[in-house]
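Enquirer: One structure, pasted below without further comment.
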Amino acid sequence: MSAIASFYLLDTSKLDELKKSAEIIVKKSLFSKKVTDNYRDYLSNNAKELKGFDGSGYVYANLLVYLQEEKNIDLTQNEYDDIAKELIDKRGTSHFLLTNNQKNAFINQLDTAHYSLAEIQQFNQNFSEEGDEETAKLTLEAIEVLRDNLSKVQNDNQILLLIVG
């Protein structure tokens, strides 16, 4: 099964409610079980869904490590790490919260003109043994989608939420 990479633009004032809605509530009785999951509804009503990634979301697992290790672009850590960890724990999927500061620091470096297929293929081969050209091309597409969506963050009161799962 393939993971999906979804992007949302969200006001930081909505983060507490996002954490609350992330919890899946299971109520069991003798003969039944009721599951309440309002997370996607909360996102639909309180965040702007942005362009998704057409390929497997798992590409972002390699990509974020590649950016950090090879390009010194750290998109995995910021002041919202505790919130991201809580969302991961509650949802069981990867969550990344990207800030305006990260956008300002790295947006120009996320231009795909700075990347080569061969370099990405070599990294992927060493990191996950997926050094084929098709995966490298998907990685370049993933960079474009990431850059386009990150550019939508306009100020410190907004974050880009990336969910891979």
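The values are calculated or read from the model by the stated rules, or taken from the named source; none is laboratory data. What you see is a predicted model; the values in this text were computed from it and never measured. Reconstructed Cβ throughout: ideal geometry from the backbone, glycine too, with neighbour counts over all protein chains shown. Ligands, DNA and RNA are stripped out before the accessible areas are found, and what is left, the full protein with its side chains, is counted by its heavy atoms. Shrake-Rupley method; radii C 1.70, N 1.55, O 1.52, S 1.80 Å.
Enquirer: What does the accessible area per residue of segment 1-105 come to in Å², with a 1.4 Å probe and no ligands, DNA or RNA counted?
Expert: On the way: 6260 Å² over 105 residues.
Each residue of segment 1-105 exposes 60 Å² on average to a 1.4 Å probe.
Enquirer: Would you mind getting me the FRET efficiency between Asp82 and Asp111? Use the beta-carbon distance for r and R0 = 25 Å, nearest 0.05. Let's see the in-between values first.
Expert: Working: r = 31 Å, r/R0 = 1.24.
Rounded to the nearest 0.05, the efficiency is 0.20.
Enquirer: Let me ask something else about it. Between Ser21, Ser94, Ser32, where does the largest GNM mean-square fluctuation fall for the chain, given springs only between Cα atoms within less than 10 Å?
Expert: Ser32
Enquirer: Per DSSP helix of 4 or more residues, -39500 (n - 2.57); summed, then divided by the residues of the chain. What does that give at 222 nm, rounded to the nearest 500? Before the final figure, lay out each step's value.
Expert: Numbers: 7 runs with 77 residues, N = 165.
Mean residue ellipticity at 222 nm (helix-derived): -14000 deg cm²/dmol.
Enquirer: Give the accessible area for His114 in Å² (nearest 10); use a 1.4 Å probe, count only protein heavy atoms, and leave out ligands, DNA and RNA.
Expert: Spelled out: His114, probe radius 1.4 Å, area about 110 Å².
Enquirer: Give a quick list of GluC sites (Glu not before Pro) in segment 63-165 that DSSP marks as loop, anything other than H, G, I, E or B, with at most 12 other Cβ atoms within 10 Å. Each step should come with its number before you reach the end.
Expert: Numbers: sites: Glu69, Glu70, Glu79, Glu86, Glu119, Glu129, Glu130, Glu133, Glu134, Glu141, Glu144; in loops: Glu79, Glu129, Glu130.
Qualifying residues, ordered by number: Glu79, Glu129.
Enquirer: Determine the distance separating the Cα centre of segment 89-165 from the Cα centre of segment 11-41; give it in Å without decimals.
Expert: Distance between centres, Cα-based: 28 Å.
Enquirer: If you don't mind, another one. Comparing Leu64, Leu30, Leu146, which has the greatest mean-square fluctuation in the GNM of the chain with Cα pairs linked when under 10 Å apart?
Expert: In the Gaussian network model the winner is Leu30.
Enquirer: Same structure again: Kindly provide the trypsin sites (Lys or Arg not before Pro) of segment 6-56 that DSSP labels as loop, not H, G, I, E or B, and whose Cβ sees at most 12 other Cβ atoms within 10 Å. Let's see the in-between values first.
Expert: On the way: sites: Lys14, Lys19, Lys20, Lys27, Lys28, Lys33, Lys34, Arg40, Lys48, Lys51; in loops: Lys51.
Sparse-neighbourhood loop trypsin sites (Lys or Arg not before Pro): Lys51.
Enquirer: Using the Cβ atoms and a cut-off under 14 Å, what net charge is assigned to the surroundings of Glu144, where Lys and Arg are +1 and Asp and Glu are -1? Can you show the working numbers first?
Expert: Numbers: positive: Lys51, Lys137, Arg147, Lys152; negative: Asp54, Asp111, Glu141, Asp148.
Residues near Glu144 contribute 0 overall.
Enquirer: Once neighbouring chains are kept in place and the probe is 1.4 Å, which whole percent of the accessible area of segment 76-122 is contributed by carbon and sulfur?
Expert: Values: 1160 of 2540 Å².
With neighbouring chains kept in place, the figure for segment 76-122 is 46 percent.
Enquirer: What relative contact order, as a whole-number percentage, does the chain give when Cα pairs under 8 Å and 6 or more residues apart are counted? Could you put the intermediate results ahead of the total?
Expert: Values: 244 pairs, mean separation 58.8, N = 165.
About 36 percent, as a whole number.
Enquirer: Quick one: net charge around Gln109, please, counting Lys, Arg +1 and Asp, Glu -1 for every other residue with C-beta under 12 Å from its C-beta. If you can, show how the numbers build up before the last one.
Expert: Numbers: positive: Lys71, Lys103, Arg147; negative: Glu70, Asp74, Asp111.
Around Gln109, the surrounding residues sum to 0.
Enquirer: Hey, any idea what % of segment 1-74's accessible area is carbon plus sulfur with a 1.4 Å probe? Walk me through the numbers before you get to the answer.
Expert: Values: 2200 of 4680 Å².
Here it works out to 47 percent.
Enquirer: Please tell me which of these pairs span more than 21 angstrom C-alpha to C-alpha: Lys27/Lys90; Lys20/Lys103; Lys51/Lys85? Please report the intermediate quantities before stating the final value.
Expert: Numbers: Lys27/Lys90 16 Å; Lys20/Lys103 27 Å; Lys51/Lys85 24 Å.
Where the Cα-Cα span goes over 21 Å, the pairs concerned are Lys20/Lys103; Lys51/Lys85.
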